[in-house]
1. Taking MET1 and the conditions (1) among the aliphatic types (A, V, I, L, M); (2) out of contact with any Leu (no Cβ under 9 Å at 6 or more places or on another chain); (3) at pLDDT 95 or above; (4) over 12 Å from GLU254 (Cβ atoms), which numbered condition does it fall short on, given that it satisfies the others?
2. Of all residues in region 166-197, which are within 22 Å of GLN239 (Cβ to Cβ) and either in contact with a Cys (Cβ under 7 Å, 6 or more places away or on another chain) or modelled with pLDDT of 95 or more (or both)?
3. Could you grab me the full set of residues in region 205-223 that are crowded, with 24+ Cβ neighbours inside 10 Å and polar (S, T, N, Q)?
4. Working only within region 4-60, note down all residues that are small (Gly, Ala, Ser) and surrounded by fewer than 17 Cβ atoms within 10 Å (Cβ to Cβ).
5. Write out, first by first residue and then by second, each pair whose Cβ atoms fall under 8 Å of each other, whose residues are 6+ apart or on separate chains, and whose first residue, in region 27-55, is assigned by TED's automatic domain parsing to the domain that holds HIS69 and on the phi > 0 side of the Ramachandran plot while the second is assigned to a strand (DSSP E or B) and surrounded by 13 or more Cβ atoms within 10 Å (Cβ to Cβ).
6. Kindly list the number of the only condition in (1) over 17 Å from the mean Cα position of the chain (by Cα); (2) closer than 18 Å to ALA119 by Cβ that fails for ILE20.
7. Give ALA102, ALA129, ALA120 a once-over and let me know the one that is of a type in the set (A, V, I, L, M), under 27 Å from ILE55 (Cα atoms) and at pLDDT 95 or above.
8. Which residue out of ALA231, ALA226 is buried (at least 16 other Cβ atoms within 10 Å of the Cβ), assigned by TED's automatic domain parsing to the domain that holds VAL114, of a type outside the set (Phe, Trp, Tyr) and touching a residue at least 60 places away in the same chain (Cβ under 8 Å)?
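The values are calculated or read from the model by the stated rules, or taken from the named source; none is laboratory data. Everything quoted here is computed from the prediction, not taken from an experiment. Neighbour counts are summed over all protein chains in view; Cβ atoms, including those assigned to glycine, are modelled from backbone coordinates with ideal geometry.
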Amino acid sequence: MSSTPPATAILVADVGNTRIGLGLWTGDQLLHVHRVDGARPAHWPAVIESIWSEIEPAATRAAAICSVHPERGRALADKILELCGVEPQFVGPDLPLPLKVAYQNTTELGPDRVCAAAAAFARHGAACAVASLGTATTVDFVDDQGCFQGGTILPGLDMSCEALHTFTARLPRIQPLTPQSPIGQTTFDAIAAGVAYAQVGAIREIVERFAGVANAWPQLILTGGAAEPIAELADFVDQVMPDLCLIGTGLAYERAAGTRE
């Protein structure tokens with residue numbers, strides 16, 4: 001008997017370094033998405049119970065977690081087991097990665113990158129690039145055969161703001177925001193413009209280099225907490241899908257259960 005039984009309703013979680021995303025994957029739809037502060041576990045139970053209560057009584061239930069923060073991922077799994085009576089399975093240790101992977105050492109590869117890429121490829125069915133803008137920004141490439149080839153990792157918006165403040169004597173700590181102009185006329189505005197346009201420029205350059213390797217410009221999908229404000233500044237983005245990792249986590253569970261190719 002498979003250790004991953006088929007389920008019609010899957011509580012999915014994306015445990016990042018800052019936030020935790022939770023939602024319900026059912027019938028090829030992601031529903032009831034919530035985000036909580038990863039550093040505040042007291043806020044988790046209400047969200048878990050709210051999502052779990054949305055599942056139809058007749059549904060077969062499961063839980064799946066994609067985590068890049070081992071301690072918080074385990075703590076979340078324990079809380080889900082306590083509240084819902086279901087032992088969550090982790091992408092990577094329990095559930096195979098939902099795409100073929102060309103990465104040289106998969107133990108170093110964040111499962112969130114592959115889950116996001118799997119969801120993007122499932123949507124487009126062709127070569128694509130996925131830029132995930134969270135604590136770090138990753139830009140990854142999936143080829144036409146649906147193989148995760150790898151990509152790049154760079155500091156995210158908030159990390160960039162923190163670094164400018166920490167490693168200088170006078171620059172203030174600001175919260176990232178969409179700049180009104182690329183020409184900052186205050187120090188605050190100059191930092192906001194610098195970190196935002198640095199992300200735009202990096203993503204453009206990286207995807208252009210992917211295209212040079214693939215001999216074609218791939219579809220570019222942005223995901224993560226900062227996806228929408230960065231997309232406003234980048235006219236070369238094809239689509240914004242904030243919840244790719246949660247969708248990919250649902251796909252990983254279904255493939256492990258044998259209910260999806």
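1. All conditions pass for MET1, except number (3).
2. Selection gives PRO176, ALA196, TYR197.
3. Within region 205-223, THR223 is the sole residue that qualifies.
4. Correct list: GLY27, ALA39, ALA42, ALA46, SER50, SER53, ALA58, ALA59.
5. Matching pairs, first to second residue: HIS32/GLY23; HIS32/LEU24.
6. Against the list (1) over 17 Å from the mean Cα position of the chain (by Cα); (2) closer than 18 Å to ALA119 by Cβ, ILE20 comes up short only on (1).
7. ALA120
8. ALA226
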